[in-house]
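Presented below is the structure to which this report refers.
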Amino acid sequence: MAFSKTLKIANKVLSAVATVTSVSIMAFSGYMIYENTYLQNRAFSSAYIQYKPELNEETVSVDELMSNIPDAVGWITMDDTHIDYPVVHGNDDLYYANRDIYQQPSLTGAIYLQAKNAGDFAESYNLLYGHHMDNGAMFGDLTKYLDQGFFSSHLTGTLVTSKEVLDVEVISVVETDAYEDAVYGITSLDWNGYTNNILNNNNIVVVNTNSAVKSAEKFLVLSTCEGAATDGRILLICKLKETQKTVDPVVTQAPDEDHAGRAIVKTGDSQRYGSGWALLNLCCLILTIMTVIPCLMDMTDKKKEKTPGRFAGPIVGILLAIAALVIFITYENMTQPMVMKDKYTPWMLIILGIALVSEEFFARRKKNEEKEGEETADV
């Protein structure tokens, strides 16, 4: 008898361990799928496009851009490519390499102006950094410029700063390494310097050039990693030209700051900085739904005797699962970064606890009814 009880307890423990393991694997797999999808989607500029300055008029407003994005200094667009992003400017060249434009941790980083440059693009050489994404997001399309056909048909773009609108004309695309002083760490360059230090540099491979450009007073350079080499870099060297468009004066309110002095961007009453969805809430939802499955399977089993209260367990479980699902859908936005828990986690845990207790209660009641039925049949 003691051995039988011990065996039952062991079976329950093993069942619980198997359930937790299965849910953990499911949650981890789901998170990895989410993480990959999130990174791929968030790397494109569609999440920020509402802040892009409209260029349809002669006077361009950058108020939305500057007031909603901390450290924003402009917007870069290369025509007919995925390069269509806000540009930010940090205190060093590493900060925005692993943070998005809202200063949240992100593997995709942001498009950012090198720290040595002034934020108004007034210098003659302005360098932009961006990660190389295989799906073409961020500066992933720079590799396409290595193809002569693509290069020749994608030579234009626009840079909007806080002070002016500049036309971008591609001059050349080159390959080098991350330590080349002729292109990294400088803020000044003239046409002679471009010719002598870049075109005639043994450490720089000039892949394609635009022979129509004979001179330039101001340069814009887009830099990204080259997939084939750890330190390899691809740089798109462009000419900046003044336009007749003017920029409205920027009228912004001082942004709120976090404990580190970084600006917090607000949308309505919610804060983008630090927002996210909770992994524990997703796990609670999955477990709550799983508690309903045994009851539903048992209820639909035609071989088993139908007892009067057989619908009570499934109904309670379904109601609890619906409650958990409504809370998750209403308050968890899976397009935002993941956090471990949030203020709704206690409610999800309470619902899960009720579901587990209810499942155990109805399972025991059903077992007792079946046992009583067997004893009656024996009599």
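Does Tyr102 count as assigned by TED's automatic domain parsing to the domain that holds Gln244, under 17 Å from the mean Cα position of the chain (by Cα), surrounded by 18 or more Cβ atoms within 10 Å (Cβ to Cβ) and not in a loop (DSSP other than H, G, I, E, B)?
Values: assigned by TED's automatic domain parsing to the domain that holds Gln244: yes; under 17 Å from the mean Cα position of the chain (by Cα): yes; surrounded by 18 or more Cβ atoms within 10 Å (Cβ to Cβ): yes; not in a loop (DSSP other than H, G, I, E, B): no.
No.
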message = With the requirement that a residue be of a type in the set (Asp, Glu), farther than 23 Å from Leu159 by Cβ and in contact with a Ser or Thr (Cβ under 9 Å, 6 or more places away or on another chain), what does segment 171-226 give you?
response = Glu226
Residue among Thr143, Thr195, Thr176 that is without any contact (Cβ under 8 Å) to a residue 60 or more places away in the chain, outside any strand (DSSP E or B) and β-branched (Val, Ile, Thr) = Thr195
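Looking at Val183, Val170, Val174, which is the one that is in the same structural domain as Lys241 (by TED's automatic domain parsing), at pLDDT 95 or above and within 25 Å of Val62 (Cα to Cα)? Show your work before the answer.
Details: Val183 fails: within 25 Å of Val62 (Cα to Cα); Val174 fails: within 25 Å of Val62 (Cα to Cα).
Within the list Val183, Val170, Val174, the selection yields Val170.
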inquiry  = Give all pairs with beta carbons closer than 8 Å in which a residue from segment 273-289 that is surrounded by fewer than 21 Cβ atoms within 10 Å (Cβ to Cβ) meets a residue that is β-branched (Val, Ile, Thr) and modelled with pLDDT of 85 or more; count only pairs at least 6 apart in sequence or on separate chains.
reply    = Ala278/Thr345; Leu280/Thr345
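The values are calculated or read from the model by the stated rules, or taken from the named source; none is laboratory data. All values reported here derive from a predicted model rather than from experimental measurement. Note that each Cβ is placed from the backbone with ideal geometry, even for glycine, and that neighbours are counted across all protein chains shown.
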